[in-house]
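In what follows, a single structure is set out as C-alpha cells and then discussed.
The values are calculated or read from the model by the stated rules, or taken from the named source; none is laboratory data. Keep in mind the model is a prediction, meaning the values are calculated, not measured. Glycine also receives a Cβ, built like all others from the backbone with ideal geometry; neighbour counts cover every protein chain displayed.
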Amino acid sequence: MLQIDQLSKDQVHSVMLELLYSLNYMWFLMEDWIKNNCPEKVGREDFLNLSQQFGRFEAKRLEKTIQGKPEGVDRLIRFLKHSHWCAFEQIEITKVSDIAMRMRTLNCTAQRAAKKWGMECYECGPGGLKIRSGFFGWIDPRARVTRVFTPPQEAGEGIPPNVSCEWLVSIE
C-alpha cells in the first residue's frame, strides 16, 4: 500500500495526478474497444447509464472532501471545481444566473487524442449528457443539464474556436 503519510504533499499530488491521467486514458481505451467490438451496445440506454452511475458516484465521493454547504448553483459550481473535469481539462465555469451556470471545455484533451489516433472527433455527447446529469443530479435533484453543443457539432457564432463543448446546467 502507498505510504501517503511518508510522502510530501508535492509527491502525493504528483502520484495522484498520474493515476488520474492513467485512469482517464484507460477509460478512453475501453470506450474505443467497446465501440469497435460491441457497436450494437454503444448507443443503448443500459450502456449509457453506466456514465450516469459514474457521475453520481463521483459527486457522492466528493461530498466527503468539499468544505462548506453552499446552496443552489453555487453548490454545483463548488463540486464541479473539484471534479475530474477540472482535474483533466481546462474548464470555463460561468454563473449565468441564480439558477443556471455554463460549463465549457477548452482545448479538450480527448478531442486532441482522437485526432492523434486518426479519428475525426471523440463523440462525447450522449455519454457526456448522462455523466453530467448523474453528477449534478446527485448534488441537487432539481438540476437539469442541457447540451449546447459537442463534437461533431459545430460551435455557434460568437463561441471562441478553443471551446470544445458547452453545457448549460440549471436548477428547475
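Just one of 92, 120, 71 is touching a strand residue (DSSP E or B) at 6+ places or on another chain (Cβ under 7 Å), surrounded by fewer than 16 Cβ atoms within 10 Å (Cβ to Cβ) and either farther than 17 Å from residue 24 by Cα or at pLDDT below 95 (or both); which is it?
92
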Does residue 58 satisfy the condition of being in contact with a strand residue (DSSP E or B) (Cβ under 6 Å, 6 or more places away or on another chain), touching a residue at least 12 places away in the same chain (Cβ under 8 Å) and of a type in the set (Asp, Glu)?
no
Is there a residue in region 13-33 that is closer than 20 Å to residue 144 by Cβ and not in a loop (DSSP other than H, G, I, E, B)?
no
Does residue 144 satisfy the criteria of being under 15 Å from residue 164 (Cα atoms) and either at pLDDT 95 or above or more than 13 Å from the chain's Cα centre (by Cα) (or both)?
no
Tell me which of these residue 35 doesn't satisfy, since it passes every other one: (1) over 27 Å from residue 121 (Cβ atoms); (2) free of Cβ contacts under 8 Å to residues at least 40 places away in the same chain; (3) basic (Lys, Arg).
(1)
Of those in region 99-117 that are modelled with pLDDT of 95 or more and among the charged types (D, E, K, R), the residue nearest to residue 156 (Cα to Cα) is 104
